[in-house]
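Read-outs throughout are calculated quantities, based only on the coordinates presented, and are distinct from any laboratory measurement. Because the structure is a prediction, the values reported are computed rather than measured. A quick note on method: Cβ atoms are made from the backbone with ideal geometry, for glycine too, and the neighbour counts reach across all protein chains shown.
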Amino acid sequence: MGLLTSIRSSISKLFAASEPRRIGIYGPPNAGKTTLANRIARDWTGDAVGPESHVPHETRRARRKENVEIKRNGSSVNIDIVDTPGVTTKVDYTEFLEHDMAEDDAIRRSREATEGVAEAMHWLREDVDGVIYVLDATTDPFTQVNTMLIGIIESQDLPVLIFANKIDLEDASVQRIRNAFPQHETVPLSALEGDNMDEVYDKIAEYFG
Amino acid sequence: MAELTTGDDGNAPLDGVQIDLISTERMEGLRTMEKIHLILDGVRDGNIVILERGLDPDEESKLIEVTMGEIQPDGDGFTGIEIETYPGGTRNESGLLGRVLGRGEQSKLTVIGPANRIETLHKDENLIRTLIRRR
C-alpha cells in the first residue's frame, strides 16, 4: 500500500470511527419508548425528543436526536437516538375513541399510525446500526409482534439490548422478559422515574460504543 | 365473503369460515411480494391463511409494512392482521449456527387472519387456541 493510500485509509477510518451510530428504539405501542428517548436525550443534551402520552401511537413519525454523547468510565460514546413508532400488525381507529377522541381525529391518528409503523419497519431494514428493544415489564412479552421483531433484528445481525421498562410499577416482572428472550441481555429500568439509568448507560456504551 | 363461499355445485352459498392451507411447495416458487399479496388477498376476503412453512424475517418485515399500507381507517373495515407462529419463541437456532444447521425459522407453521375476526385466546409451547368470529 502506497503512503498516500495509507494516509487516505487512516483518515477515512478516523472519520468512520467518530461518526455516531444510529440506535433505533423499538418496541410495541405504549412500552415507554419516547419516555426513554427523552430521558436519555435530557440527561446528555438537555433537550427532549418528543411528546409522551398514555394514548397509544403518540409517536407516529420516527424522530432522531443526533450526537448524543454518553460519557462512561473516562471515555465517551456518540450515538444518534431514533425514537420509532410502536410496531403492531393492526390499527383500529375505534380504539382511539375510548380515549375521548373525536372520530375525525381518531381516523387521522390511525392513518398516521399506519404510516408510522411502515416507516419504523423501513428504518429497521435500512437505517439503524443497533437496537434498543423496549418492553413494558407489566405486560406479557410472549406476543407475536415481539417475537417477529426480535427475529427481524437478529436476521439483520444488529446488536440489540432489551430494556424491561416500568419496573417502578407493582406488576412488573423482569424475569418474565428474561425468560421470553434468554438469548439477549435484559436491563431493568424505569424511564419515567429514572431508576437504574447508570446500568442503562453502561450497557449502551458496552453494546453500541 | 368467507361465510358465503359458493358450494361445489356452484349454486348454494356455504355458511362458514374459509381456511386456506398453503403448502411449502406453493410458496417456494413465489417472490416476496407475491407471497405477501397471496396472504393479504386471502385475509382481506375474510379467510384464515395457514402457511405450512412461515415467512423469513425479511418477508415478515415487509408483511407488516404492506399490511399497514392496506389499512384505510375510513374505508372497508380492514384493520390489519393477527398472526401466530410455531415455533413461537426466538432461540439461538435463528442465529448463524441455526442457519448453518438448517434449524429454526424455516419450519415454522404460521396462522394469519383478519384482526377484526381472529383472536388468540391462549398460546403456549404446544397449543394455539384461537377464536374466529363470524361477521
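Once you average over the residues of A:104-114, how many Cβ atoms of partner chains fall within 10 Å of each Cβ? Write out the running numbers ahead of the final one.
Values: counts 1, 0, 2, 4, 2, 1, 5, 6, 1, 3, 10.
Shielding by partners across A:104-114 averages 3.
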| message | Which residue fluctuates most in the GNM of chain A (Cα springs below 10 Å): A:Leu97, A:Leu36, A:Leu149? | response | A:Leu97
| task | Compare A:Asp92, A:Asp100, A:Asp195 in a GNM of chain A, Cα atoms joined below 10 Å, and give the one with the largest fluctuation. | result | A:Asp100
| field | 10 Å Cβ neighbours from other chains, averaged over peptide B:70-83 | value | 5
| note | A correct fewest-to-most ranking of A:Phe142, B:Phe78 by other Cβ atoms within 10 Å would be A:Phe142, B:Phe78
| field | Sequence-distant residues sharing a close amide H with A:Val87 (under 5 Å, placed H) | value | A:Gly27
| said: Give me the percent relative contact order of chain A, please, defined on Cα pairs under 8 angstrom at least 6 residues apart. | reply: 22
| query | What is the Cα coordinate range of chain A on the first, second and third principal axes, sorted by size from largest, in whole angstrom? | reply | 67, 35, 35
| query | What residue among A:Glu170, A:Glu193, A:Glu58 has the largest mean-square fluctuation in a Gaussian network model of chain A, using Cα springs under 10 Å? | reply | A:Glu170
| Theoretical ellipticity at 222 nm over chain A - DSSP helices of four or more residues, -39500 (n - 2.57) apiece, nearest 500 | -13000 deg cm²/dmol
| B:Thr130 long-range amide H proximity, modeled H, under 5 Å | B:Leu121
| aspartates and glutamates near A:Lys65 by alpha-carbon distance under 12 Å, same-chain residues fewer than 8 away left out - which ones? | A:Asp47, A:Asp80, A:Asp83
| task | For B:Thr79, list long-range residues whose amide hydrogen, built 1.01 Å from N in the peptide plane, is under 5 Å from its own amide hydrogen. | result | B:Ala115, B:Asn116
| field | the stretch A:99-209: C-alpha gyration tensor shape, a/c 1.5 cut-off, then a/b vs b/c | value | oblate
